[in-house]
Every structure is written in C-alpha cells, then in structure tokens.
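The values are calculated or read from the model by the stated rules, or taken from the named source; none is laboratory data. The structure presented is a predicted model; accordingly, all values stated were derived computationally and were not measured. Positions of Cβ are backbone-derived with ideal geometry, glycine not excepted, and every protein chain shown enters the neighbour counts. Protein only, heavy atoms only, side chains kept; ligands, DNA and RNA dropped before computing areas. Shrake-Rupley method; radii C 1.70, N 1.55, O 1.52, S 1.80 Å.
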Amino acid sequence: MKAIRIHEHGGVDRLVPEDLPPRPIRSDEARVRIRAAGLNHLDLWVRRGIPGVRFPLPVIPGSDGAGVVAEIGTAATRFAPGDRVAVAPGISCGLCEECLSGRDNLCPDYGILGEDRDGTCAEEIVVPIRNLIPIPASLPFEKAAAIPLVFLTAWQMVVDRASVRPGETVLVLGAGSGVGSAAVQIARLHGARVIAVSGSASKIAKARELGAEEGIDLSRSDLREEVRRITDRRGADVVIEHVGKATWEQSVACLARGGRLVTCGATTGADVSLNLRPIFFKNLSILGSTMGRRSRLFAIFRHVEAGRLLPVVDRVLPLDRISEAHRLLEERGVFGKIILTT
Ligand SMILES: [Zn+2]
C-alpha cells in the first residue's frame, strides 16, 4: 500500500512516499481503505518534532480518516466489509476505569493516530474495531475526514469543559482554524453569542457564515478593547484559546467575572505569564483540554447529518501533494481543513 512516512523530524522534505506491505489484522481490528485523510496542526508537530517529546519513528502521520471497511477481525459483532466509516483518532485500552466511565481520552494508555502509532496518510489503516464510526451515505468522505479530531476537541472545550449555556458570550480565537471553525458552530449550537477572532477579514466573514454574530480582526483592532465594546464592558463568559503566547494575556483580560478560559494548544508558544490577581478577584477558571470522549463523535455526526454542524473544507489535494498541504497549513492561508485523498 502507498503511504507517507516520517523517518526523521524536519521540513516538508521529511514526508516520504513509500510502498509498504499491509500488516495482518488481529481479531479485534479492522482494515480500512482510506479514501480521505484530514490534516491537523498535530501533523506539523509530528513532522517538525517537539523538544523533549519522543515520537516513535518511522511513523505514518495523519489523525483523521474516512473510507470503507476492507477487512474485519473475527471478533466483530458489528461492521462488515464495504461499510462507510470514519476513524476515531484516539486509541485507548478500553478496560480501565476511565475508559469504562466513557472518559477514554484520560486513559493512561491513550494515544492518537499519526502521533504515537501509524496514522491515516496512507491507502490503508488498521485500527481497533471500536474506533470505527459509521457515517451517513449522504456524507462524502472528504467531509467526513474533516470532522473527527477538531470537532471532538472543540466539543470537549465548549461543552464538557466550559459548559457553555444559552445566552453566554463565547470568544473563539483563531476562528479560521479547524478547531476554531468547529468551536464557533458548537458554541452557536448551544445557544451562545459567538465572537470570532482572526487575523483576516475574509476569515471573519466566513466565521459569520458559520454562526458567529460578531468578529474581531486582530490586524485592525485591539482584542480587549473590542471585546469590552461588543459586550458593553462586561467581557466574555468563555474564551476558546489555542493560540498561546501571542494572545494569552489579552485572552485572560477579555474574561467577564466568573469567566472560563479553555486552552487546547499553543501554536505561537507555550510559555506565558499569568497574573494571579484577576484569577481570584474575578473568580476566573483556566481549563486545559486535550481531545475528547470518543462517544461524543456519535452526537457530532448526528448533528452533521442533520445539517446543524458543517465540516469546513478549505481544499482537497491528492495524498502525493502532502508537502504542499503542510506548507499551506503552516502559512495559515486556509479556512478550516485541508483534505488529502488517496
Ligand atoms: Zn483505558
């Protein structure tokens, strides 16, 4: 099977096309013929490497994928060859207390496809059967592959961590990113008034189409001042943050009394400073969030099928143009997801 592998960390030239032998499946696994794979910021980190983090190389990158079941293990009680599926990106033991209570992303053995095991940037992937999510016949593979990681991440941030309630104001930073464009929609779905923040007017216009009521263009205005103006000096109840160093202090300053900031990433750097006084005086909460419960994908795909959540695809490229896809994501010129087809 054709696959992209990373043997050493570095630039886009480290994304090497290879022809690999298919590996046999175990009784509790399925082989999926990948038709579309979604790119995430995680792919950039896996390719570049992170100081102090050990990735098992070589690895096939890619956390999101959709396709057709090609082979199913003998233990399968559901799914059959030919079924259309998306692949859930989180792998967990399925046996521990966290897994059994539905919090599989807190499993001590939790891993992500394309990070600590082979991912979706290949013609085929072998995954545990419990990682298969059935997808509606009406949903193209290119759209299905745009959903799992970012919608799971955004759902946990907005719903499970921030507990966004109807009428609250939610500030979404990086609203043009995969996670941002999902968070705008999920916050809107839960009745919030969404303020989309981005560095470009065209991305804000697109975020408004997804349900944002207000937009702040960081290239033209000051974040804190604009939030004060829009909220009548009250501040935002919830800030969805994944930018990190470049926006952190402003993000905290934008919170209303009792506000919650949820962070799932630090694309501009992770070392930030924090003044504790507003944290206690204003009763603020700083919440960390990584991935989400696999079970949430069922609700997410139902909302997608009903048209209440939209997968946001910027463009579709063939897998052999993966270097170009990485470059586009690095240059931040995209709104939503880049999808690679095999
Ligand atoms: Zn577990």
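Observations on the model:
- Counting only the Cα atoms, the range 102-185 fills a convex hull of 153 Å³ per residue.
- Calculated [θ] (222 nm, deg cm²/dmol) that DSSP helices of n ≥ 4 give over the chain, each run adding -39,500 (n - 2.57): -6500 deg cm²/dmol
- Taken along the Cα-to-beta-carbon direction at a fixed 7 Å, the label points for N275 and T77 span 5.7 nm.
- Contact order, relative form, for the range 63-193: 23 percent (alpha carbon pairs under 8 Å, 6 or more residues apart, mean separation divided by residue count).
- Within the range 233-260: backbone nitrogen closer than 13 Å to the S221 label point (7 Å, Cα to C-beta): 233
- Between the range 301-342 and the range 195-243, the alpha-carbon center distance in angstrom: 23 Å
- Euclidean distance between Cα centres, the range 79-153 to the range 12-47, Å: 13 Å
- The range 234-342: proportion of alpha-carbon pairs further apart than 18 angstrom, %: 65 percent
- Along the range 115-122 the Karplus relation, 6.51 cos²θ - 1.76 cosθ + 1.60 evaluated at θ = phi - 60°, assigns HN-Hα couplings of 10, 10, 7, 4, x, 9, 7, 7 Hz to successive residues, with x for each Gly and Pro.
- For the range 293-307, putting each phi into the Karplus relation 6.51 cos²θ - 1.76 cosθ + 1.60 with θ = phi - 60° gives couplings of 5, 4, 4, 5, 4, 5, 5, 4, 5, 5, 5, 5, 4, 7, x Hz, in residue order, rounded to whole numbers and with x for Gly and Pro.
- Only protein atoms count toward the accessible area here, which uses a 1.4 Å probe; on the chain, the carbon and sulfur part of that area reaches 49 percent.
- Listed pairs K143/K245; K2/K143; K203/K245 exceeding 28 Å between Cα atoms: K143/K245
- Potential extension, E97-I50 segment - 0.36 nm per residue separation minus Cα distance: 13.9 nm
- Sequence-distant residues sharing a close amide H with D237 (under 5 Å, placed H): T169, A256
- Two-decimal Rg/Rh across the range 81-135, once Rg and the Kirkwood Rh are taken from alpha-carbon atoms: 0.99
- Label separation (R332 vs A253): 1.8 nm, computed from points 7 Å beyond Cα along the C-beta direction.
- Accessible surface area normalised per residue over the range 36-167 is 39 Å², counting heavy atoms of protein chains with a 1.4 Å rolling probe.
- Each 20 Å bin from 0 upward holds the following percent of the Cα-Cα pairs of the chain: 32, 57, 11, 0.
- Look at the alpha carbon pairs under 8 Å that are at least 6 residues apart: their mean separation over the length of the range 1-53 gives a relative contact order of 40 percent.
- Added length on full extension, which subtracts the Cα-Cα distance from 0.36 nm per residue, A137 to K282: 47.3 nm
- Taking only Cα atoms of the range 240-283, radius of gyration then Dmax in Å: 10.3, 29
- Working from Cα pairs under 8 Å separated by at least six residues, relative contact order for the chain is 18 percent.
- Taking the Cα atoms of the range 273-321, the ratio Rg/Rh between the radius of gyration and the Kirkwood radius comes to 1.24.
- The C-alpha atoms of the range 215-266 occupy a region whose extents along the principal axes are 29, 29, 16 Å, arranged from largest to smallest.
- Near the amide H of V194, within less than 5 Å, lie the amide hydrogens of V170, E213, E214, all on another chain or at least 5 residues away, with H placed in the peptide plane.
- Extension reserve of the R234-R165 stretch, reckoned as 0.36 nm per residue once the Cα distance is removed: 23.2 nm
- To the nearest 10, the accessible area of T341 is 40 Å² with a 1.4 Å probe.
- Virtual spin-label span in nm between V68 and S27, 7 Å along Cα→Cβ: 2.9 nm
- If R0 is 25 Å, the Cβ-Cβ spacing of A266 and F298 corresponds to a FRET efficiency of close to 0.25.
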